[in-house]
Structure formats: structure tokens, C-alpha cells
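Colleague: Below is a structure I'd like to ask you about.
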Amino acid sequence: MINEKIQDAFNEQLNAELYSSYLYLSMAAYFQSVNLEGLASWMRCQAQEEILHAMKFYNFINERAGRVLLAAIEGPPIKWESPLAAFEDAYRHEEKVTGLINNLVDLAIQEKDHAANAFLQWFVNEQVEEESSVDAVVHQLKLAGDQGSGLFMIDRELATRVFVLPPA
Ligand code: FEO
């Protein structure tokens, strides 16, 4: 069974992951409004991944006989100055999430909850990939320019990302 401190912190992270999904879905909607279908599709995949992250916390809390307590999800921004500005925001957001995960690891160690610590290691590794994949797009947008033919090429490339549901 998880103690109340871990339960509360994991419920907060569940909310943060749902907010991440909401943020990326809002970015997808922004990209769609400016006819960047590839960027929109990439962000929709990202939003779906965040739901999976949230569900990992949901399932873990339940498996450890804790209580999932859902709270209101903050409204995300709804528009950005440019595609680059949106992806830079996404990168800053992932850095913030990495910090939240690291804080949870610290708490699990402090509370001597080894199962929680082991569970969180998946997220420690995932955050390396999360930061890296968003950073790669930031660099592409900076190099190719975030308008004209460079943006067209990036949009076409990002359209190839597909969301694959991992095995249960
Ligand atoms: Fe759930 Fe993008 O971190």
C-alpha cells in the first residue's frame, strides 16, 4: 500500500500528465488552424502518449491500494506566435515535467518506497526521450526556418509519425 504522501504526489503527477496531453492537443489545434497538418498530427500523437503516461500513474495508484483522486485540469494556452514558439514551449514544458519526475524519485527514496522508485525509473528514461524528440524538432525549425519551403518539408516529415498503442 502506498502512503498518503506518495498517493497525493502521484495524483498530482497524474493531473500534470493529463495537462501535458491537453497542452499538446491545444498545440495540434493551433497547427491545424494554420494548415500545418503534419505538425498537428505529430502533436496529436504526443497528446495520446501523455494519456498513456497518466494511465500508468492511475494504474499504479490502484495496484498499490491507493485512491485515485482526479482534480480540475488547467486550461492550456490556445495560440502561439509561430510553430517554433510552440515547440520551444513544448520543450520547456518537458524540462518542467522532468523536474517533477525527479522530485517524485526523491520523495520515493525519502519514504523508502522501493516499488514507487522502481516504477518511476521508466519515467526517468522516458523523459530523456521526451526532451530529445521535441528538441530535435526545435532544431529543425531553427535550421530550416519556420516558414516557406523549409517549414513545408518539416510538416511533411512530421506527418509520418504514428501513434502505436504499446502492449497492455
Ligand atoms: Fe509525460 Fe511528455 O511527459
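Colleague: What angle do you read, to the nearest 10 degrees and between 0 and 90, between the alpha-carbon axis of helix 148-158 and the longest principal axis of the chain?
Modeller: Helix 148-158 and the main axis of the chain meet at about 40 degrees.
Colleague: Could you order peptides 38-45, 144-151 by the average number of other Cβ atoms within 10 Å of their residues, highest first?
Modeller: Packing order, densest peptide first, comes out as 38-45, 144-151.
Colleague: Moving on. When the chain is modelled as a GNM with alpha-carbon springs shorter than 10 Å, which of VAL34, VAL105, VAL134 fluctuates the most?
Modeller: Looking only at VAL34, VAL105, VAL134, the largest GNM fluctuation is found for VAL34.
Colleague: Mind putting a number on the dipole of the chain about its Cα centre? Charges go on the C-beta only, +1 for Lys and Arg and -1 for Asp and Glu, and I need it in Debye to the nearest 20.
Modeller: Here the size comes out at about 280 debye.
Colleague: For segment 50-133, run through the GluC sites (Glu not before Pro) and keep only the ones in DSSP coil with at most 14 other Cβ atoms within 10 Å of their Cβ.
Modeller: GLU74, GLU81
Colleague: With only alpha-carbon atoms in the gyration tensor, what are the semi-axes of the equivalent ellipsoid for the chain, in Å, largest first?
Modeller: Sorted largest first and rounded, they come to 33, 15, 14 Å.
Colleague: GNM on the chain, C-alpha springs below 10 Å: top fluctuator among ILE78, ILE61, ILE101?
Modeller: Residue with maximal mean-square fluctuation among ILE78, ILE61, ILE101: ILE78.
Colleague: Hey, what did segment 4-158 get for relative contact order, percent, Cα under 8 Å, at least 6 apart?
Modeller: Once normalised by length, the contact order is 28 percent.
Colleague: Roughly how many nanometres apart are two label points built 7 Å out from the Cα toward the Cβ at GLN121 and VAL68?
Modeller: According to this spin-label approximation, the distance is 2.5 nm.
Colleague: Please work out how much accessible surface THR160 shows to a 1.4 Å probe, ignoring ligands, DNA and RNA, in Å² rounded to 10.
Modeller: Around 100 Å² of this residue is reachable by solvent.
Colleague: I've got another one for you. For labels at LEU165 and GLN32 in the simple 7 Å Cα→Cβ model, what's the distance in nm?
Modeller: Calculated label separation equals 2.0 nm.
Colleague: Then there is this: Enumerate the calculated ³J(HN,Hα) couplings along segment 88-103 in order (Karplus 6.51 cos²θ - 1.76 cosθ + 1.60, θ = phi - 60°), each rounded to whole Hz, writing x wherever the residue is Gly or Pro.
Modeller: 5, 5, 4, 5, 4, 5, 5, 4, 5, 4, 4, x, 5, 5, 4, 5
Colleague: Oh, and also: Taking N as the number of residues in segment 107-168, what is its alpha-carbon radius of gyration divided by 2.2 N^0.38 Å?
Modeller: In units of the 2.2 N^0.38 Å rule of thumb, it is 1.70.
Colleague: Here's another thing I want to ask about it. Short version: ³J(HN,Hα) in whole Hz for each residue of segment 33-46, in order, from phi by Karplus 6.51 cos²θ - 1.76 cosθ + 1.60 (θ = phi - 60°), x for Gly and Pro, what are they?
Modeller: Karplus-based 3J(HN,Hα) across segment 33-46 equals 5, 10, 6, 9, 5, x, 5, 5, 5, 4, 5, 5, 4, 4 Hz.
Colleague: Which of LEU107, MET153, GLN140 sits closest to the plus end of the dipole of the chain, meaning its Cα is farthest towards the positive end, when Lys and Arg get +1 and Asp and Glu get -1 on the C-beta?
Modeller: MET153
Colleague: Which residue, GLY75, VAL34, VAL162, has the largest displacement toward the positive end of the dipole of the chain when charges sit on each Cβ (Lys, Arg +1; Asp, Glu -1)?
Modeller: Of the listed residues, the answer is VAL162.
Colleague: Of the residues LEU69, LEU52, LEU141, which exhibits the maximal mean-square fluctuation in a Gaussian network model of the chain defined by a 10 Å Cα contact cut-off?
Modeller: Between LEU69, LEU52, LEU141, it is LEU69 that shows the largest mean-square fluctuation.
Colleague: What's the tally of Lys pairs in segment 4-158 whose alpha-carbon atoms lie under 24 angstrom apart, where the two lysines are 8 or more places apart or on different chains?
Modeller: Close lysine pairs found across segment 4-158: 8.
The values are calculated or read from the model by the stated rules, or taken from the named source; none is laboratory data. Keep in mind the model is a prediction, meaning the values are calculated, not measured. Note that we place each Cβ from the backbone using ideal geometry, even for glycine, and neighbour counts take in every protein chain shown. Heavy atoms of the whole protein, side chains included, go into the accessibility calculation; ligands, DNA and RNA do not. Shrake-Rupley method; radii C 1.70, N 1.55, O 1.52, S 1.80 Å.
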